[in-house]
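Working notes, structure below.
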Amino acid sequence: MKVYLDNSATTAMAAEVIEAMLPYFSDEMGNAQSVHSFGQRAKAAVEKARREVAALINAPPAEIVFVSGGTEADNLAVRGIAEAHRDYGRHIITTKIEHPAVLATCESLEGAGYRVTYLPVSRGGLVSIRDVRKAISDDTILISVMLANNETGTIQPIEEIAGVVAEARARGLDHLHFHTDAVQAIGKISVDVNRLGVDLLSLSGHKIHGPKGIGALYVRKGTRLTKLLHGGHHERDRRAGTENVPGIVGLGKAAELARTQLDERIKRMRKLRDYLEQQMISRFPDVRVNGDGQQRVPNVSNVTFGGIDGESLLIALDLKGIAVSTGSACASGSLEPSHVLQALGLMRDEVRGSLRFSLGAYTTQQEIDYAVSVLSQTVARLREMIPADETESVEAVAESQSKP
Amino acid sequence: MYSPQIAEHIANPRNVGELENPSGIGDVTNEVCLDRIRLTVRIEDERLTDARVKASGCPPTIAAASVLTELIIGRSLRELDSLTRKDIAGALGHLPPAKAHCTALAIDALRAAVGFKR
C-alpha cells in the first residue's frame with residue numbers, strides 16, 4: 001500500500017484540474033496576448049481562472065497577479081515592496097519561522113542596506129502582537145508574517161497584526177505594508193484578504209491539488225510594487241512573461257474546488273489528522289505534538305518521538321510505502337536542523353526525532369489505519385535498537401512530562 | 001539519497017539485542033552527532049561466534065551497526081583484524097560523503113568489543 005502523507009510538500013493534482021488543463025497544451029495553445037481568436041480564448045481562460053482565485057480569497061480579480069509559484073510570490077512581495085518604498089524607509093519586520101523564500105529574500109535585502117527584524121515565536125510557534133508593535137519604527141515599510149507555518153501548521157494571528165498595522169498607519173506610517181505567505185493555509189482554512197487585513201498574500205497551486213509551477217500574489221489596489229521580471233506589460237505590469245495558460249487554468253480549477261469543497265475537506269482532514277494523532281499518543285505516550293495544538297491547520301501533525309532519529313524513521317516508513325517528512329538535521333542532505341522547530345525552542349534531540357504528517361483532501365481512513373499500524377511496528381523496532389541507558393532516559397522524560 | 005541496502009537494514013535490522021555474559025562489549029558514541037553503537041560479542045577459540053548490536057542515530061549509523069554483525073559473525077580474529085570501514089561502506093552500497101564517518105563508528109565498536117588496540 002502507498003500512503004502519501006507529505007501534502008505540505010506537494011499534492012497530487014485533482015482529476016478535474018488535469019481535465020481542465022489538457023486542452024490548453026494542444027488545441028487551445030494560444031498566447032493570451034495575441035489578438036486572434038486563439039489568443040482571445042486563452043485570454044478568456046486566464047481571466048476565468050483569475051476570478052476563481054480571487055473568489056477563493058474574497059479579492060477583486062484585478063488584484064490577482066499570476067506568478068510561477070509561492071517562492072516567486074514571496075520574492076515579489078518582499079523585494080517589490082522594499083524596492084518601491086526604499087526612499088521612505090528600509091526596515092522590514094518578519095519572523096524566525098518564515099519560509100526560506102521570505103527569509104532568504106530578507107537576508108539578501110540586508111546585504112543591500114535594509115534592516116530586518118526577525119521576531120521570535122512562543123513554544124507553540126505563535127508571534128506575539130506586543131513584539132510586532134514594539135518592532136515597528138518610523139522607517140518600517142513591510143511586515144511579512146506567514147498565515148500558517150509549513151512545518152507545524154500553526155496559524156498566526158494575522159487579523160490582530162493587521163490591527164497593529166492600522167494603528168501605525170493612523171500615526172502616519174503611510175508606507176507600511178502587510179504581507180502574508182498563505183501557501184500552507186489556502187485550502188485548509190477560510191482565507192479572506194479583507195478580514196485578514198493584508199495588502200499582499202502569496203499562494204501556490206501545487207499545495208492545493210493544482211499544478212506545480214504556478215501561484216499567485218494578491219496585491220491590494222493602489223499598492224506600489226517594483227517588478228522582479230521585466231520584458232512586457234503582462235499582469236497589469238506587475239510581472240512580465242507569457243502567461244502559463246495551462247498552469248493558470250489548473251490553478252483556477254484547483255481554487256474553485258478548494259472554495260466549493262472547503263468545509264467538507266476541513267472536516268475530513270481534521271477528523272483523520274486527530275485520529276492519527278490520538279492513535280500515536282495512545283501507543284506512544286511520550287509522543288509530543290509540536291506547535292500550537294489549537295491554532296493550526298487541520299491537515300498537519302508535527303510530532304516528536306523521543307530517542308529516535310526522524311530520518312531513520314522516515315526511511316523505514318518509506319520502505320513500507322509511507323511518505324512523511326522530518327525536521328531532523330540530516331534530512332535531505334541539509335546538516336542544519338529545522339529552523340522552525342529550533343525557533344520553537346525544541347532541544348536538539350526533540351528536533352531530531354520530529355516527524356511531519358500532512359494530509360491531503362483525498363487521504364482516506366484506510367491509509368491512516370495502515371500508517372498507524374506500520375508506524376507502531378517501526379517505532380517499536382527502532383526503540384528496541386536503542387542502547388539501554390538511552391531508553392531509560394526517554395522513559396524518564398515521558399514520566400517528567402506527565403507530572404502536572 | 002540512501003542506497004536500497006541502507007533502507008533495508010533500517011527496516012529489518014539484523015542481530016538486534018545484547019548477549020548475556022559477552023566476551024566483549026564495544027559501546028561507542030560519535031561526540032559530534034551523538035550517534036551510538038553498542039556491540040556485544042562472543043569469542044570462542046579465536047573466532048567470533050556470535051554478536052548482538054544496538055544503535056541509535058541517523059540511518060547510516062543504524063545500517064552500519066546492523067551490517068557489521070553480518071560481516072563479523074563466524075569470522076576468525078585474524079580476519080576481523082583486517083576488516084576496515086571500506087568493507088562496511090561496500091556492504092552498504094552508496095554512502096553520502098557527509099555520512100562516511102558512520103562506518104568508522106562501526107569499526108570502532110568492533111575494535112573495542114574484540115579488544116584490538118589501534
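Read-outs throughout are calculated quantities, based only on the coordinates presented, and are distinct from any laboratory measurement. Since the model is a prediction, treat every value here as computed from it, not as a measurement. No Cβ is skipped: glycine too gets one built from the backbone with ideal geometry, and neighbour counts run over all protein chains shown.
Considering only DSSP beta bridges whose two residues both sit in the protein assembly as shown, what percent are antiparallel, to the nearest 5? Mind dumping the intermediate values first?
Numbers: 35 of 54 bridges.
Of all bridge pairs located within the protein assembly as shown, approximately 65 percent are antiparallel.
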Exercise for the section: Only bridges with both residues in segment A:45-194 count here: give the DSSP antiparallel percent, nearest 5. Expected result: 10
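Where does chain A land at 222 nm, in deg cm²/dmol rounded to the nearest 500, when only DSSP H runs of n ≥ 4 count, each adding -39500 (n - 2.57), divided by all residues?
Details: 15 runs with 175 residues, N = 404.
Helices in chain A give a 222 nm mean residue ellipticity of -13500 deg cm²/dmol.
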Fill in the blank from the handout: Under the rule rounded for a/c under 1.5, else prolate if a/b exceeds b/c, else oblate, using alpha carbon gyration tensor axes a ≥ b ≥ c, segment A:1-101 is classed as oblate
Completion exercise
Across all Cα atoms of chain B, Rg and the largest Cα-Cα distance (Dmax), in Å, are 13.0, 42
Handout entry: Charged-residue dipole, Cβ positions (Lys, Arg, Asp, Glu), chain A about Cα centre, Debye nearest 20
Key = 960
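Using mean Cβ contacts within 10 Å as the protection proxy, how do B:74-81, A:7-14 order, highest first? Intermediate values should be presented prior to the final figure.
Working: B:74-81: 13.8, A:7-14: 20.2.
Final packing ranking: A:7-14, B:74-81.
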Problem - Whole-Å semi-axes of the ellipsoid equivalent to segment A:105-202 (Cα gyration tensor, √5λ, descending) - result: 21, 16, 13
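Hey, got a sec? Which trypsin sites (Lys or Arg not before Pro) in segment A:83-164 land in a DSSP loop and have at most 12 other Cβ atoms within 10 Å? Working shown, then result.
On the way: sites: A:86, A:90, A:96, A:115, A:123, A:130, A:133, A:134; in loops: A:86, A:90, A:96, A:123.
Listed in order of number, the matching sites are A:123.
Restricting things to Cα coordinates, could you compute the convex hull volume per residue of segment B:13-61 in Å³? Provide the component values of the computation, followed by the final result.
Values: hull volume 4.0 nm³, N = 49.
Here the figure is 82 Å³ per residue.
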Exercise for the section: Distance check, please: which entries in A:48/A:212; A:43/A:96; A:320/B:54; A:134/A:267; A:267/B:99; A:267/B:54 exceed 31 angstrom between their Cα atoms? Expected result: A:43/A:96; A:134/A:267; A:267/B:99; A:267/B:54
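Ranking B:101, A:177, B:94, A:206 by Cβ neighbours within 10 Å, fewest first, what do you get? Walk me through the numbers on the way to the answer.
Working: B:101 17, A:177 28, B:94 13, A:206 24.
Exposure proxy ranking, most exposed first: B:94, B:101, A:206, A:177.
Tell me the volume per residue, in Å³, of the convex hull enclosing the alpha carbons of segment A:260-322.
Values: hull volume 6.8 nm³, N = 63.
Residue-normalised Cα hull volume stands at 108 Å³.
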Completion exercise
So the compactness index of segment A:275-360, its C-alpha Rg divided by 2.2 N^0.38 Å, takes the value 1.03
Completion exercise
Ordered by fewest other Cβ atoms within 10 Å, a rough proxy for footprinting exposure, A:260, A:117, A:154, A:95 read A:260, A:117, A:95, A:154
Handout entry: Cα pair count fraction exceeding 33 Å, expressed as % - the protein assembly as shown
Key = 49
Exercise for the section: About the Cα centre of segment A:53-147, how large is the charge dipole given +1 on each Lys and Arg Cβ and -1 on each Asp and Glu Cβ? Please answer in debye to the nearest 20. Expected result: 400
Exercise for the section: Kindly put B:28, A:219, A:121 in sequence by how many other C-beta atoms sit within 10 Å of each C-beta, fewest to most. Expected result: B:28, A:121, A:219
Fill in the blank from the handout: Mean other chain Cβ within 10 Å across A:305-315 is 5
Completion exercise
Hull surface over four for the Cα convex hull of segment A:39-151, reported in nm², is 9.0
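Per DSSP H run of n ≥ 4, the term is -39500 (n - 2.57); total these for chain B, divide by its residue number, and report the mean residue ellipticity at 222 nm rounded to 500 deg cm²/dmol.
Numbers: 5 runs with 48 residues, N = 118.
The helix-only estimate for chain B comes to -12000 deg cm²/dmol at 222 nm.
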